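Worksheet: one structure, shown below.
The values are calculated or read from the model by the stated rules, or taken from the named source; none is laboratory data. It should be emphasised that the depicted structure is a prediction, and the values quoted were computed from it without experimental measurement. Here the Cβ positions follow ideal geometry from the backbone for every residue, glycine too, while neighbour counts run over all protein chains shown.
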Amino acid sequence: MVLDDDVQFDADVDFGFDDDLFGAAFNEDSSASSASWLDDFTIKITQQFSGQINNHSVDIPSLFSFPREAELETNRLGANIRYQNAFAPGWLLQASGQIRSYWKDDYEYEAEGGKIDVEYRVNEFFLQRSFDQHSLKFGRQTVVWGETTGNSVLDIINTTEFRAFPIIDIEDARLNQWLLVWDYFGEDSNFSSFLNIYPEFNPPAVRGSPFFFEPAFNLTDYDRDSGLQFEAGTKWRKSFEGSDISFMAAYLYENQMRFEDPISGIGDAVAQVNDFFLLGFSANRAVGKLLLNFDLAYSHDVQADSFSFPGTASLANPVNLKKDQIGTSFGFEYAISNEQSISLGIQAQKLLDEDEGLLPGQSLINDGVFGSWLVRYSNTLMNSDLVISSTLQGDLNANSLLALLGVDYTVNDNWAVGGQIISITSNDASPLIFFDEDVRLAATLSYSF
Amino acid sequence: MRRNILGKGLVCLIAAGLLFPLQIIAQDLSAREIMEELEDNRRATSNSALSRMQLSTCKFGVREGKITCAERPRVKSLESVGKGYGTDLRDTRSVAILLEPAAERGIGMLSFIYDDGARDNETWLYLSALGRVKRIASGSSDDETEPGSLFGSEFTTEDQDTGKLDEYEINLLEETVEAGREVWKIETIPNEERALKSRYSRTVLYVDKERFVELRIEMYDQYGKEIKRMLGSRVEQMNGIWVARSTTIMNLVTNRLSNMAFLEMHTGIDVPDEFLTQRTLTDAAFRETELEKLRAQIN
């Protein structure tokens with residue numbers, strides 16, 4: 001029996017309770033339901049449209065100006081498939097992947113010369129063996145360090161790829177890598193260690209995407225013949241009442257490659273990679289309804305001149321200057337009610353001994369304290385069928401601001417629709433100047449089973 | 001084959017008969033002692049226990065004097081494992097894993113509930129999208145906010161709390177009848193320190209005198225307004241413990257209700273301590289292997 005939405009309950013008037021309202025749950029015969037191999041699969045099919053809708057021009061002061069016209073950027077049908085099967089005691093196989101088909105007017109369709117393009121990608125693919133106090137996982141997977149959600153200075157093990165603005169959450173853009181992960185679960189604390197013998201790097205922007213800029217030289221992969229590259233790290237975690245703390249140490253490669261001009265002036269750009277050491281600490285503290293998160297990272301020998309805008313590669317500043325860097329993330333999460341929550345994350349980094357090694361007239365791209373802030377608010381309505389969320393993201397120097405408003409509506413257990421509007425404002429001190437005054441609309445229709 | 005709890009009717013009748021003398025003894029219990037018996041009964045349902053529940057949530061209204069859903073309920077099924085710890089097993093550690101819907105399968109919640117009022121309860125959630133365990137702030141710091149919710153339902157960590165009785169003034173208001181059963185009507189009022197952590201300034205419980213099960217609980221805010229009501233029904237013996245197999249909590253401010261249906265409950269399970277740790281949330285191979293061992297104990 002379904003009531004009108006405007007029916008109200010008066011607490012002063014006593015009422016009866018229909019015990020059979022949820023009685024159907026007890027009629028279930030658990031022995032009647034038989035397991036199927038299909039139960040191990042979760043599939044989500046999504047059609048997405050997004051585009052820039054504001055006709056305007058972008059002015060780069062003292063350089064140039066270019067028009068930005070309203071256009072459809074993405075028109076794509078995709079399927080995300082996830083498989084998890086504990087096929088034997090202590091064993092687990094987990095895999096996930098995606099298929100994308102790019103339709104007319106999608107930037108990938110245009111980049112393919114007006115042909116429908118289909119792309120496959122394996123995300124997770126790992127085999128896990130757990131025994132006694134140990135767990136070993138080998139395959140494509142992610143390692144997430146740090147407590148702050150979205151912009152932790154410690155969440156740098158896996159590479160990232162940003163292809164479109166409607167995906168702005170780091171967890172959506174994180175790429176899996178081939179890793180061997182060993183977890184040891186002690187009585188009072190845990191160790192988690194990883195080894196990566198094939199470090200990967202942030203892929204260059206896809207041709208035609210909003211992040212793509214025609215480079216002066218062709219961007220290539222790193223020449224791996226120059227020696228064995230590997231990454232390794234370990235984390236120790238312990239829980240106390242009201243708090244969890246972790247210490248970590250790692251030998252890593254910076255996820256963003258740096259590109260130098262070819263020596264002869266013609267040919268491909270030369271990709272350079274940089275290894276460095278990371279020491280980290282993270283902690284959280286629950287205080288009533290408030291959760292505080294803190295991450296601290298000390299990086300030894302990072303490149304001072306790496307252009308860090310995600311998804312793009314740099315041809316500039318071939319200084320090859322190494323420095324130490326200290327970074328911190330601070331997160332504040334507050335659950336206003338069962339339906340509403342708000343969070344704030346601030347990430348700040350600083351290169352140490354900034355002037356050391358600089359030639360006269362040179363300056364660092366990231367001078368002083370640099371970083372970003374992120375505010376998220378979400379409100380679930382209509383019995384969680386409707387979720388309204390908003391995100392504001394900017395850099396600490398107030399050079400850019402990205403504002404997002406999202407609405408997701410669950411039609412039923414299978415169907416869902418969503419919409420987003422994203423606005424960007426920036427000045428010429430931020431790489432986001434290329435998207436200044438852009439307004440994007442995105443819509444998705446998805447079917448899950 | 002799993003033991004069917006509904007097939008234990010004969011055992012229930014015998015147990016009910018054995019409990020009759022307890023009813024006579026119970027007449028002389030103080031309000032505090034009644035609450036202790038009630039909490040012992042609550043703890044027994046989660047001590048060395050494996051349960052399967054269905055959690056349904058919807059907006060509600062009243063039609064022809066009956067509560068009913070004003071929209072399609074959101075239904076989740078979950079499996080829960082718990083165990084008692086500490087002095088007289090008065091602390092509880094439990095882990096709940098979502099089985100359905102498919103999109104949320106495997107999301108787990110680990111809870112430590114402490115008897116001592118000086119110790120705040122703790123909750124961790126595994127979020128597969130983030131790929132990590134996240135601590136949940138579960139306390140409540142003011143009267144306008146909800147404590148941590150159980151998988152988005154109206155059941156909160158505070159509603160499932162046990163212990164901390166020293167931090168309450170407990171009064172027996174009257175002996176009356178609720179849902180056709182003789183009950184004690186008991187109020188609990190938090191002391192100053194507990195009031196800072198609780199959303200409720202006063203709670204009134206209707207406790208079945210024979211079975212030590214709450215048939216109704218009213219929760220009031222600082223202005224004396226009833227903001228939540230919980231109703232227990234289908235009171236049956238499961239593994240020798242009286243349980244309200246269907247518990248419905250109504251948020252009278254948002255007109256939203258959640259029903260928890262105990263589909264199966266098995267006690268006397270040998271639950272290894274390692275299972276009630278964060279490992280169960282993150283290590284799916286370990287979790288599934290250990291769950292199979294626990295399920296095998298039922299057969």
Exercise for the section: Have a look at A:I433, A:I424 and point out the one that is touching a residue at least 12 places away in the same chain (Cβ under 8 Å), part of a strand (DSSP E or B) and among the β-branched types (V, I, T). Expected result: A:I424
Handout entry: Test: residue in region A:240-258 that is touching a strand residue (DSSP E or B) at 6+ places or on another chain (Cβ under 6 Å), assigned to a strand (DSSP E or B), over 23 Å from A:G146 (Cβ atoms) and not polar (S, T, N, Q)
Key = yes
Practice task
Give me a count of the residues in region A:199-229 that are among the aromatic types (F, W, Y) and under 20 Å from the mean Cα position of the chain (by Cα).
Solution key: 3
Exercise for the section: Kindly establish whether A:T234 is touching a strand residue (DSSP E or B) at 6+ places or on another chain (Cβ under 6 Å), within 30 Å of A:E71 (Cβ to Cβ) and touching a residue at least 12 places away in the same chain (Cβ under 8 Å). Expected result: no
Problem - Evaluation of B:D221 against (1) of a type outside the set (K, R); (2) more than 12 Å from chain A (Cβ to nearest Cβ); (3) surrounded by fewer than 19 Cβ atoms within 10 Å (Cβ to Cβ) (one fails), failing number - result: (2)
Practice task
Determine the pairs where a residue that is in contact (Cβ under 8 Å) with a residue 12 or more places away in the chain and under 16 Å from A:L441 (Cβ atoms), located within region A:35-51, has a partner that is assigned to a strand (DSSP E or B) and of a type in the set (A, V, I, L, M, F, W, C) with Cβ atoms under 6 Å apart, the partner being 6 or more residues away or on another chain.
Solution key: A:Q47/A:L77; A:Q47/A:L445; A:F49/A:A443; A:S50/A:A442; A:G51/A:L72
Handout entry: In region A:188-208, the residues that are farther than 23 Å from A:R140 by Cβ and more than 14 Å from every other protein chain (Cβ to nearest Cβ)
Key = A:R207, A:G208
Practice task
Exactly one condition in (1) under 30 Å from A:K137 (Cα atoms); (2) facing chain A (nearest Cβ under 9 Å) is not met by B:L231; state its number.
Solution key: (1)
Completion exercise
Within region A:11-52, residues at pLDDT below 70, surrounded by fewer than 10 Cβ atoms within 10 Å (Cβ to Cβ) and hydroxyl-bearing (S, T, Y) come out as A:S31, A:S33, A:S34
Problem - Near pairs, Cβ below 9 angstrom, 6+ apart or cross-chain, from region B:70-83 (away from chain A (no Cβ under 14 Å)) to any residue that is acidic (D, E) - result: B:V81/B:E290; B:K83/B:D273
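Have a look at B:V62, B:V75 and point out the one that is over 21 Å from the mean Cα position of the chain (by Cα) and of a type outside the set (S, T, Y). Walk me through it before giving the result.
Details: B:V75 fails: over 21 Å from the mean Cα position of the chain (by Cα).
Selected residue: B:V62, the only one of B:V62, B:V75 that is over 21 Å from the mean Cα position of the chain (by Cα) and of a type outside the set (S, T, Y).
For (1) at pLDDT 70 or above; (2) more than 7 Å from chain A (Cβ to nearest Cβ), each residue gets a yes or a no:
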{"site": "B:L130", "(1), (2)": "yes, no"}
{"site": "B:K134", "(1), (2)": "yes, yes"}
{"site": "B:S141", "(1), (2)": "no, no"}
{"site": "B:E146", "(1), (2)": "no, no"}
{"site": "B:F151", "(1), (2)": "yes, yes"}
{"site": "B:F155", "(1), (2)": "yes, yes"}
{"site": "B:G163", "(1), (2)": "no, yes"}
{"site": "B:E167", "(1), (2)": "yes, yes"}
{"site": "B:E175", "(1), (2)": "yes, yes"}
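Go through A:R163, A:R224, A:R237 for me and flag whichever is within 30 Å of A:A403 (Cβ to Cβ) and of a type in the set (K, R).
Values: A:R224 fails: within 30 Å of A:A403 (Cβ to Cβ); A:R237 fails: within 30 Å of A:A403 (Cβ to Cβ).
After applying the criteria, what remains is A:R163.
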Fill in the blank from the handout: When every residue in region A:259-291 that is of a type in the set (D, E, K, R), part of a strand (DSSP E or B) and over 16 Å from A:N158 (Cα atoms) is compared, the one nearest to the other protein chains (Cβ to nearest Cβ) is A:R285
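Are any residues in region A:90-106 among the hydroxyl-bearing types (S, T, Y) and within 14 Å of chain B (Cβ to nearest Cβ), and if so, which ones?
First, pick out the residues of region A:90-106 that are among the hydroxyl-bearing types (S, T, Y): A:96, A:101-102.
The answer is A:S96, and nothing else.
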Practice task
State yes or no: is B:G117 at pLDDT below 80, assigned to a loop (DSSP other than H, G, I, E, B), within 10 Å of another protein chain (Cβ to nearest Cβ) and in contact with a Gly (Cβ under 8 Å, 6 or more places away or on another chain)?
Solution key: no
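Of all residues being within 13 Å of A:N190 (Cβ to Cβ) and within 13 Å of chain B (Cβ to nearest Cβ) in region A:223-247, which is surrounded by the fewest Cβ atoms within 10 Å (Cβ to Cβ)? Just the residue, please.
In the first step, residues of region A:223-247 are kept if they are within 13 Å of A:N190 (Cβ to Cβ); the result is A:234-239, A:244-247.
Right, trim to within 13 Å of chain B (Cβ to nearest Cβ) and you get A:235, A:237-239, A:244-246.
Working: A:K235: 22, A:R237: 19, A:K238: 13, A:S239: 20, A:D244: 21, A:I245: 17, A:S246: 22.
It comes out as A:K238.
Within region A:100-141, track down each residue that is in a loop (DSSP other than H, G, I, E, B) and buried (at least 20 other Cβ atoms within 10 Å of the Cβ). Write out each step before concluding.
Applying the first criterion (in a loop (DSSP other than H, G, I, E, B)) to region A:100-141 yields A:103-106, A:112-116, A:132-133.
Answer for region A:100-141, where residues must be in a loop (DSSP other than H, G, I, E, B) and buried (at least 20 other Cβ atoms within 10 Å of the Cβ): just A:D106.
In the set A:F276, A:F259, which member is of a type in the set (A, V, I, L, M, F, W, C), crowded, with 17+ Cβ neighbours inside 10 Å and at pLDDT below 85? Quick ask: steps written out before the conclusion?
On the way: A:F276 fails: at pLDDT below 85.
Just one listed residue meets the conditions, A:F259.
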Completion exercise
Given (1) more than 10 Å from chain B (Cβ to nearest Cβ); (2) assigned to a strand (DSSP E or B); (3) aromatic (F, W, Y), A:F87 misses just (1)
Fill in the blank from the handout: How many residues of region A:128-156 are more than 8 Å from every other protein chain (Cβ to nearest Cβ), within 12 Å of the chain's Cα centre (by Cα) and farther than 19 Å from A:N190 by Cα? The answer is 4
Fill in the blank from the handout: Going through region A:342-385 in order, the residues found to be of a type in the set (A, V, I, L, M) and in a strand (DSSP E or B) are A:I342, A:L344, A:I346, A:A348, A:L351, A:V369, A:L374, A:V375, A:L381
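For region B:34-76, which positions are assigned to a strand (DSSP E or B) and either modelled with pLDDT under 80 or among the aliphatic types (A, V, I, L, M) (or both)? Explain how you work it out, then say what you get.
Initially, region B:34-76 is screened for residues assigned to a strand (DSSP E or B), giving B:49-63, B:66-69, B:74-76.
Once the filter is applied, which keeps residues that are assigned to a strand (DSSP E or B) and either modelled with pLDDT under 80 or among the aliphatic types (A, V, I, L, M) (or both), region B:34-76 yields B:A49, B:L50, B:M53, B:L55, B:V62, B:R63, B:K66, B:I67, B:V75.
Examine region B:266-281 for a residue that is facing another protein chain (nearest Cβ under 8 Å), free of Cβ contacts under 8 Å to residues at least 60 places away in the same chain, buried (at least 20 other Cβ atoms within 10 Å of the Cβ) and at negative phi, and state whether such a residue exists. Explain how you work it out, then say what you get.
Step one: filter region B:266-281 for residues facing another protein chain (nearest Cβ under 8 Å), giving B:274, B:277-279.
Still in the running and free of Cβ contacts under 8 Å to residues at least 60 places away in the same chain: B:274, B:279.
So of that shortlist, the ones also buried (at least 20 other Cβ atoms within 10 Å of the Cβ) come out as B:279.
Narrowing the set further to residues that are at negative phi leaves B:279.
Yes, because at least one residue in region B:266-281 is facing another protein chain (nearest Cβ under 8 Å), free of Cβ contacts under 8 Å to residues at least 60 places away in the same chain, buried (at least 20 other Cβ atoms within 10 Å of the Cβ) and at negative phi.
For region A:61-94, which positions are among the acidic types (D, E) and over 30 Å from A:F125 (Cβ atoms)?
Passing the criteria: A:E69, A:E71.
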Practice task
For A:A205, indicate whether it is under 23 Å from A:F370 (Cβ atoms) and in a loop (DSSP other than H, G, I, E, B).
Solution key: yes
Problem - Matching entry among A:D169, A:D183, A:D155 (being within 30 Å of A:S390 (Cα to Cα) and at pLDDT 80 or above) - result: A:D155
